[in-house]
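Working notes for the structure below.
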Amino acid sequence: MTTPIIELKKADLTLGDGASSVHVLKSMALQVMPGESVGIVGPSGSGKSTLLMVLAGLERIDSGEIVVAGQPIHAMSEDQVADFRGRNIGIVFQSFHLIPNMTALENVAVPLELAGRADAFDIARAELASVGLAERLTHYPGELSGGEQQRVAIARALAPSPAMLIADEPTGNLDTETGRQIADLLFSKQSERNMTLLLVTHDPVLAERCSRQVRVRSGEIIDHGQSDAIRAAMA
């Protein structure tokens with residue numbers, strides 16, 4: 001039986017205090033198998049992005065368990081989670097989150113340098129070439145188009161060779177054609193590297209490209225979907 005790469009058990013999270021508090025995740029449970037591509041869909045404010053942030057260790061749950069790649073990240077310190085995330089989880093955001101006064105090459109190399117990799121710039125060059133930006137290494141984010149900035153962000157996420165890639169509305173700030181190209185890139189990288197991909201999106205066409213769709217509403221998963229990987233694991 002295949003072991004899930006992600007196992008979320010009875011995860012609860014409330015944000016804010018007093019009258020302004022919001023119960024964002026309500027006893028949420030989820031399993032994701034290695035190599036799956038999972039589209040997380042639902043209305044605005046349903047908890048989709050918060051779910052991703054919890055799985056990446058960027059948001060702490062109030063109660064429950066989160067096991068990623070066999071490690072209980074809910075029980076780790078912030079430093080331990082940051083170290084684990086840097087080695088195992090690549091993250092792509094809607095708004096790119098590039099450092100404006102650093103070149104494309106520097107943006108991709110920085111996380112590797114922080115992790116102590118002596119070959120950080122060699123890896124960064126290779127990753128930028130792999131996303132079609134070999135000629136844009138010395139350009140700053142302000143000199144790049146939105147699609148190019150997202151390619152830099154994808155290269156940065158892929159550079160540590162993570163087992164899992166998390167993408168929060170990765171095409172949300174892009175026009176239709178550029179968004180399609182970015183989606184093609186994400187799925188091709190996921191396939192060639194046999195990564196697990198979790199993708200929050202409002203785009204039904206993009207969600208349908210995933211091996212299954214998880215539907216979230218009012219902080220609860222109302223449909224887990226079912227893929228070949230899940231069926232095989234349950235057999």
CD proxy at 222 nm, helix term only [per DSSP H run n ≥ 4: -39500 (n - 2.57); per residue of the chain; nearest 500]
-10500 deg cm²/dmol
Both in Å, the radius of gyration and Dmax of the C-alpha trace of the chain are 17.6, 53
Most packed first (mean Cβ within 10 Å per residue), the peptides 215-222, 150-157 order as 150-157, 215-222
Test item: Cα-centred dipole of segment 161-217, Lys/Arg +1 and Asp/Glu -1 on Cβ, debye
320
Kindly rank 87-99, 160-172 from highest to lowest mean number of other beta carbons found within 10 Å of each residue.
160-172, 87-99
Take the alpha-carbon centre of segment 53-107, take the same for segment 112-152, and report the distance between them in whole Å.
20
Lys, Arg +1 and Asp, Glu -1 on Cβ, resulting dipole of segment 124-235 about Cα centre, debye, nearest 20
340
Over segment 113-195, what number does the Rg to Rh ratio reach, with both radii from the alpha-carbon atoms and Rh per Kirkwood?
0.95
Students often forget the sequence filter, so: which aspartates and glutamates lie under 14 Å Cα-Cα from K9 once same-chain residues fewer than 8 apart are removed?
D62, E65, E220
Find which of F84, V41, F96 sits farthest along the positive direction of the dipole of segment 1-103, computed with +1 on the beta-carbon of Lys and Arg, -1 on that of Asp and Glu, about the Cα centre.
V41
Under 20 Å from the L15 label point (7 Å along Cα→beta-carbon), backbone N, segment 52-71
52-66
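Computed from the coordinates by the stated procedures, all read-outs in this text should not be read as laboratory data. Quantities reported herein were computed from a predicted structural model and do not represent experimental measurements. Neighbour counts are summed over all protein chains in view; Cβ atoms, including those assigned to glycine, are modelled from backbone coordinates with ideal geometry.
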